[in-house]
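Asker: Before we start, here is the structure in question, set down as structure tokens.
The values are calculated or read from the model by the stated rules, or taken from the named source; none is laboratory data. Everything numeric in this text was worked out from a predicted model, so none of it was measured. Here the Cβ positions follow ideal geometry from the backbone for every residue, glycine too, while neighbour counts run over all protein chains shown.
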Amino acid sequence: MPERRYDAVVFDLLTALIDSWTLWNAVAGGQEAGMRWRRRYLELTYQAGAYAPYEGLVGKAALESGLTADVARELLHRWGELPPWPETHAVVAELARRVPLGIVTNCSEPLGQIAADRAGGPFAKIVTAESVGYYKPRAETYRAVLAALAADPARVLFVAGSAADVPGARSAGMAVYWHNRIGLKPLDGAAPDFCETSLHRLLELV
């Protein structure tokens, strides 16, 4: 058998494994409003650095993108409806038979666990921004999941969902597979090792 290239796989959660865009758009009343809200939320978490209550940032992003606090509360109430991408369960289950899997997410602890349950598993470790005290793409978040897995970053493949995760995970020493399902624009100079529109190719790489 060929030598295994990676000893573990770490996932972003809300974009790499979960189709969170669909629920955000539905709650916001349409794709345009949902995308505007989601982009503002991503900006706030990336700018925050040190952890501030996740649910508060979701609400703040709603207000700053022209929506209401009620919309944010509805999203949080319906969090358990977040759908995985169609191939998520099958790919995750197969990978888990091969190597330990981790998640690092900008969620709070309770919301991170709910979303991780929707993604299948088993996951050896789930690390949230709340548990670390920082939001991605701060290096502390990626280092925390690597430490929890006792993994050499050079032997770990990170599956990014958002553009900011690409340079963030690379700065921690991991190779990056960007699951760019909806065609997000890359950050300047941020080049993943692999860029795909589904999770399927992971089964060829791990």
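Asker: Of the residues that make up the range 125-134, is at least one out of contact with any Pro (no Cβ under 7 Å at 6 or more places or on another chain), crowded, with 22+ Cβ neighbours inside 10 Å, modelled with pLDDT under 95 and not aliphatic (A, V, I, L, M)?
Answerer: no
Asker: Could you tell me which numbered condition residue 174 fails, if it satisfies all but one of (1) farther than 17 Å from residue 145 by Cα; (2) at pLDDT 95 or above; (3) surrounded by 14 or more Cβ atoms within 10 Å (Cβ to Cβ)?
Answerer: Against the list (1) farther than 17 Å from residue 145 by Cα; (2) at pLDDT 95 or above; (3) surrounded by 14 or more Cβ atoms within 10 Å (Cβ to Cβ), residue 174 comes up short only on (1).
Asker: Does residue 151 meet the test of being more than 14 Å from the chain's Cα centre (by Cα), buried (at least 16 other Cβ atoms within 10 Å of the Cβ) and within 25 Å of residue 197 (Cβ to Cβ)?
Answerer: Considered against the rule, which asks whether it is more than 14 Å from the chain's Cα centre (by Cα), buried (at least 16 other Cβ atoms within 10 Å of the Cβ) and within 25 Å of residue 197 (Cβ to Cβ), residue 151 comes out as no.
Asker: Residue 101 fails exactly one of the following numbered conditions: (1) crowded, with 22+ Cβ neighbours inside 10 Å; (2) under 27 Å from residue 43 (Cβ atoms). What is the number of that condition?
Answerer: Tallying (1) crowded, with 22+ Cβ neighbours inside 10 Å; (2) under 27 Å from residue 43 (Cβ atoms), residue 101 fails exactly one: (2).
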